[in-house]
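Structure, as structure tokens:
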Amino acid sequence: MRTTTAFGFRMNFGNLASTSRVFSSRVVDRIYFLTLYKQDRYPQPTERHYDNYNITMTETFKKQLSAAKKEVEETKVATADLRQNLNEQINTLVNYTSRYEDSWGGDWAENTNIYSQNFDLSNGHWMTINYEYLKGDILKNVGISIDEMQNQIPKISKRFFELKDFLVTELSFIRDINAFTNETELLRQIEDFKWGMTPRDYTRSRRPKYAVVYDASVVNRGIPTPPHIEIGEHLIFVFSILTSYDNFEKLAYRLIRQLELKSATNSDTEVGAIFQQQALKAIIDKFHLVATQLKNRYNNRPTVTVDDEYDVQDLMNSLLRINFEDVRKEEYTPSYAGGSTRIDFLLKREKILIEVKKTRTTLKDKDVGNQLIIDIAHYRSHPDCKHLICFVYDPDNLIVNPRGLEDDLNKNSLEEMIVEVYVRP
């Protein structure tokens, strides 16, 4: 039977079943039929056959990724000169304004605006100045206006806010595809992204918890902010915003690159690649259920028990062969730092390496993390590694913070290799 999805991609379910046996047509419906309806890009058909939709899954997927990547590039180019100019101004001001801090003779309670005359501690004379005086001193001697510098930020922010909304909208279809769980988390981070710190955050970080006060009226007025700290507020604000632009770019590129790598396998189409990712994710998520079910055999017949890491490898090897034709065990990686290591499984056609760990009383959070960091460094040199999956089987819940461990190690993803860590159950 031939059916067309919401993307218009015609699939022969007879052939598809031989490729991805664990998926029913209902799962196919969930992944592809509903994806674009959620975004209201296509009217929802009333019949099961979708012959009027001629856009293929391959074309649509590539188009959306290409549009997202183009938008990131255009935002980067459009804001590059202004961001570089602001960074140069910040560096200049940090070097110049350090003399304010060095010449400050006041305190946080009563004499907040006392500085050495001409900012020279050697002369022994003091002067009282305020925030406006320091701004004027900067403009006179450095030629940079604090106010004008801050006014440039909204121009850049507008482009990045538009980029954020674009990415969240255009890539929202991945939320309905279980194989893109980690990419969905990256998209959530983009959606909830925080842009820098507020000026008052800096002041709070500098203000002491306690101060000696001799004038009781100071308590009623509140603790004033020294003028040089007020200048620092603005510098830190601009610097933190500029840094957040860089971090947002890296996050966006990482999301797009992971989607590209996951779909760039030897499958005929992105549909096939996504089904492979979905199949692998299902094996990992259901591994503990399978291991538990194997204990319950008819009439207490002998069975397979998963007691150590070798047992995990044996069961994983069997499960992988349901959906993957070329599964290679204990593949050696090229030499790294004077030695080589063996990866547990290589899915040759898909260019996926799988490393298996099983927790025990002597192998918990820190040790598992350290081992995987070393493994990740080794596997980057493997010629067939585009995607590294680390499966940590933790049947006794010895990992205190499994999601935290996953998130920390997933940050080791690079442009040429995705790293995904799964701690189950």
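Of all residues in the stretch 377-425, those satisfying the criterion of being in a helix (DSSP H, G or I) and of a type in the set (D, E, K, R) are ARG403, GLU406, ASP407, ASP408. Screening HIS378 on (1) over 19 Å from the mean Cα position of the chain (by Cα); (2) at pLDDT 90 or above shows it passes everything except condition (2).
Could you say whether any residue in the stretch 100-120 is assigned to a helix (DSSP H, G or I) and hydrophobic (A, V, I, L, M, F, W, C)? Yes, the conditions are met somewhere in the stretch 100-120. As for the stretch 363-374, it holds at least one residue that is within 29 Å of TYR253 (Cα to Cα), modelled with pLDDT of 90 or more, in the same structural domain as PHE287 (by TED's automatic domain parsing) and buried (at least 21 other Cβ atoms within 10 Å of the Cβ).
Looking only at the stretch 298-313, how many residues end up being closer than 12 Å to THR359 by Cα and touching a residue at least 12 places away in the same chain (Cβ under 8 Å)? Qualifying residue count, the stretch 298-313: 4. Here's a check for you: in the stretch 74-107, which residue that is over 23 Å from THR225 (Cα atoms) and among the aliphatic types (A, V, I, L, M) is surrounded by the most Cβ atoms within 10 Å (Cβ to Cβ)? Ranking the qualifying residues of the stretch 74-107, first place goes to LEU86.
The values are calculated or read from the model by the stated rules, or taken from the named source; none is laboratory data. Keep in mind the model is a prediction, meaning the values are calculated, not measured. Using ideal geometry, Cβ is built from the backbone for each residue, glycine included, and neighbour counts are taken over all protein chains shown.
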